[in-house]
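Data block below; observations after.
The values are calculated or read from the model by the stated rules, or taken from the named source; none is laboratory data. Predicted, not measured: the structure shown is a model, and the values here were computed from it. Virtual Cβ from ideal backbone geometry, glycine too; neighbours counted across all protein chains shown. Calculation scope for accessible area: heavy atoms of the full protein, side chains included, ligands and nucleic acids excluded. Shrake-Rupley method; radii C 1.70, N 1.55, O 1.52, S 1.80 Å.
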Amino acid sequence: MVAHPDRYAGLAVLPVGDPQAAVAELNRAVTTLGLRGVLLKGNYQNKFFDEPFFLPIFEAAAALDVPVYFHPSFIPQAVTSHYFESNQWSDVVTGILSSAGYGWHMDVGIQVIRMIASGIFDKLPGLKLISGHWGELVPLFLERLDDELTTYTDLQYPFSTYYWHNVYVTPSGILSAPQLQFMLAEMGADHLMYSIDYPYKQPETSGSFLDIADLTDEQRAQIAFGTATTLFKL
């Protein structure tokens, strides 16, 4: 990244167990090192990031106008045992179901749901989140969340309004034409940006997926680089 600043940029990692130290490191990472955002995993010591303890981190990200990317992480063993273990399959299957197969994505999707439900975007309307793997299942349920949840919260707007405005979504190497079309209709090209989960996933269509997708030239350019250019100030 240092050798090729015209081609590469990076995200900061933070000592989130000490929010004040995390704020100091985020400021250093952005203003001194030139990093373009924050990378957080889905939980910290089984705590979700909507807890007020972590609020200073998000206040700093909003003040610096850099996005926060929530990456999946391992889920608590109790959740694995309840949802994914069975004597009908091997421990390997349990491990896959509870991680990259489904559990990681369920967990970090719930993290984004909790962020919205907590009201953080009413406090910090400029805060931006990035959610991989086509939004970690959440976009499929925006209408349902509006119908079932919004009435009972103190949110100023419907749940989906925050998602459409404050969340940016990437495929993370899940190169599915139907999912692309759904996300395009749900989010718009200006909240989608292309990504590959390299080196873990290297689909054969990595270089051609957008070329052959049913997109206008403007949508293709926006998803390929336009959204990222704006979001990361590249």
Before rounding to the nearest 500, sum -39500 (n - 2.57) across all DSSP H runs of length at least 4 in the chain and divide by the residue total; then give [θ] at 222 nm in deg cm²/dmol. -11000 deg cm²/dmol
Förster-model FRET efficiency, 25 Å R0, Ala24 and Tyr44, C-beta, rounded to 0.05: 0.90
Pick out which of Val112, Val38, Val13 has the largest mean-square fluctuation in a Gaussian network model of the chain, springs linking Cα atoms closer than 10 Å. Val13
Accessible-area order (highest first, 1.4 angstrom probe) of the listed residues Asp217, Asp107: Asp217, Asp107
Per-residue SASA entry for Ile174, accessible area with 1.4 Å probe, Å² rounded to 10: 70 Å²
Computed for the stretch 116-159: size of charge dipole around the Cα centre, +1 on C-beta of each Lys and Arg, -1 on C-beta of each Asp and Glu, debye to nearest 20, value 240 debye
note: the chain, Cα-Cα separations exceeding 28 Å make up a percent value of 34 percent
How high is the relative contact order of the stretch 88-207, given as a whole-number percent (alpha carbon pairs under 8 Å, six or more residues apart)? 24 percent
Mind listing which GluC sites (Glu not before Pro) in the stretch 172-234 are in a DSSP loop and have 13 or fewer other Cβ atoms within 10 Å? Glu204
Work the Kirkwood hydrodynamic radius out for the stretch 1-54: mean of 1/r over every pair of different alpha-carbon atoms, inverted, in Å. 12.2 Å
Suppose each label sits 7 Å from its Cα in the direction of the beta carbon; what would the Asp91-Asp146 distance come out to in nanometres? 4.6 nm
In the stretch 49-116, with Lys and Arg counted as +1 and Asp and Glu as -1 at Cβ, which of these residues, Val92, Val68, Gly109, has the Cα nearest the positive end of the dipole, that is, farthest along it? Val92
From the Cα gyration tensor of the stretch 170-224, with a ≥ b ≥ c the square roots of its eigenvalues, which class applies: rounded if a/c is under 1.5, or else prolate if a/b is larger than b/c, or else oblate? prolate
Could you run the Karplus curve 6.51 cos²θ - 1.76 cosθ + 1.60 with θ = phi - 60° over the stretch 4-10 and give me ³J(HN,Hα) per residue in whole Hz, x for Gly and Pro? 10, x, 7, 10, 10, 9, x
Going by accessible area, probe 1.4 Å, with all protein chains left in place, what is the ranking of Asp211, Asp18, largest first? Asp211, Asp18
Contour minus Cα-Cα distance for Tyr200 and Ala213 (0.36 nm per residue): 2.4 nm
Order of exposure, largest accessible area first, which applies to Val169, Val2 with probe 1.4 Å: Val2, Val169
Quick check: pseudo-label points 7 Å beyond the Cα along Cα→Cβ at Gln181 and Tyr157, how many nm apart are they? 2.8 nm
For the stretch 114-234, what does the alpha-carbon gyration tensor say about shape, rounded, prolate or oblate, given a ≥ b ≥ c as the root eigenvalues, a/c under 1.5 as rounded, and a/b over b/c as prolate? prolate
Pairwise FRET efficiency - Tyr102 versus Ser81, Cβ, R0 = 22 Å, nearest 0.05: 0.90
